[in-house]
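Scroll down for the structure; my scribbles are underneath it.
All of the numbers you see were taken from the coordinates with simple rules; none came from a lab. Note that the structure is predicted; figures quoted are calculated from it, not measured. A quick note on method: Cβ atoms are made from the backbone with ideal geometry, for glycine too, and the neighbour counts reach across all protein chains shown.
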Amino acid sequence: MARPPSCRKVSGKPVAGVFKPAGIPASELDFLVLTLDELEAMKLADLEGKYQEEAAQLMHVSRPTFGRIIESAHRKVAEALVQGKALRIEGGPVAITTDTPSHQGESMNICIPIVEDKGLLSQVNGHFGSTPLFLIVDTDTLSTRAIVNTNAQHSHGMCQPLAVLSNEKLDAIVVGGIGMGALNKLRAAGIKVYMGRQTTVEQVITEFKAGKLNEVTPQTACAHHGQGHDHGHDHHHDHAPKK
């Protein structure tokens, strides 16, 4: 007798319950059922760019089980698109959580690359490795402290963020952009990296505490950092601070 599937964690209900080809009455369409765990798997892997091992942990399933879930989801979506079928999103062995991850009430030390030290009004720098300054912010007291980035001038791919930040007790780093090399070094050191807007530090901290910032993955780091950069050769960053 087959063992029933374990309960899979999904983060909230779908925005829409049905997707169908335009202009065709629902009564004339064949429907496929995309279960909530299949939708969650696509959200984590395809939309948020998480590796399957990490996504499996978030859904409380094994890595092989996650692989089977997302394979089934991809097959159903492909069938609906190619054959003009409708999708009904419902069901599945799931436990729905509506918890919004936030950092309210936590005292954390956050590091943010900045253009010029103006405390909480500092502008977030879009270039992590070549930023002139890092701002350390205590999310509880909102006290700030600037650190000079002595590794700002480096060859492409040779960013050494821990050389500057190794003596700091950091809970997370919020960036406007970051390359794969720097991201991997920070992740290996157990430091989470989040993507923030290039606005003021004060606004970024507010969004971080509210749980509105997404954690950076290797996929999103490449996609963001690759814009406007030539990765085919070594070069030196030489970005002048904005006025």
Peptides 183-192, 203-212, 170-179, 10-19 ordered by average Cβ neighbours within 10 Å, highest first
170-179, 203-212, 183-192, 10-19
The long-range amide H neighbours of ALA95, using H built 1.01 Å from N in the peptide plane and a cut-off of under 5 Å, are ARG8, LYS9, VAL10
Quick check: net charge around SER122, other residues with Cβ under 9 Å of its Cβ, Lys/Arg +1 and Asp/Glu -1?
-2
In the stretch 29-122, the GluC sites (Glu not before Pro) that sit in a DSSP loop and have at most 12 other Cβ atoms within 10 Å of their own Cβ are GLU106
Quick one: net charge around ILE173, please, counting Lys, Arg +1 and Asp, Glu -1 for every other residue with C-beta under 12 Å from its C-beta.
0
Within-10-Å neighbourhood charge of GLY92 [Cβ basis; K, R +1; D, E -1]
-3
